[in-house]
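Everything below concerns the one structure shown next.
The values are calculated or read from the model by the stated rules, or taken from the named source; none is laboratory data. Worth saying up front: this structure is predicted, and the values here are computed from it rather than measured. Neighbour counts run over all protein chains shown; Cβ positions are idealised from the backbone, glycine included. Areas reflect the complete protein model, heavy atoms only, side chains present, ligands, DNA and RNA absent. Shrake-Rupley method; radii C 1.70, N 1.55, O 1.52, S 1.80 Å.
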Amino acid sequence: MNDRFQANVYILITAQTTGSGGREYKLQFEGRDAFSRMNEVKQYIRQATATDDEDRKEAVEKIRLGLIPYLLKTEKAK
């Protein structure tokens, strides 16, 4: 979704460099509408030697884990 104001869950991803040359990623999940007041935070560190594919897989896993609490509040979870 291109307009974050229409989304049920908004994910903000920020990154900063670590002292060892890697990157620390922080994924902030913010619920909207039916999920208001639901906020989650997931973090992971990409090692300096990690490949782009390894980084992508880790990001996808954290996004999946971060969305689980929201999914559990839907009709599909019943």
Out of 48, 34, 7, sole residue that is of a type in the set (A, V, I, L, M) and open to solvent by less than 60 Å² (accessible area, probe 1.4 Å): 7
Anything in segment 33-78 that is of a type in the set (A, V, I, L, M) and in a helix (DSSP H, G or I)? List them, or say none. 34, 59, 60, 63, 65, 67, 68, 71, 77
Please work out which residue is farthest from residue 65 (Cα to Cα), limiting yourself to segment 1-52 and to residues that are in contact with a helix residue (DSSP H, G or I) (Cβ under 6 Å, 6 or more places away or on another chain) and of a type in the set (Lys, Arg). 46
Close pairs (8 angstrom Cβ cut-off, 6 or more residues apart or separate chains): in a loop (DSSP other than H, G, I, E, B) in segment 1-25, among the acidic types (Asp, Glu) and at pLDDT 95 or above anywhere: 18/24
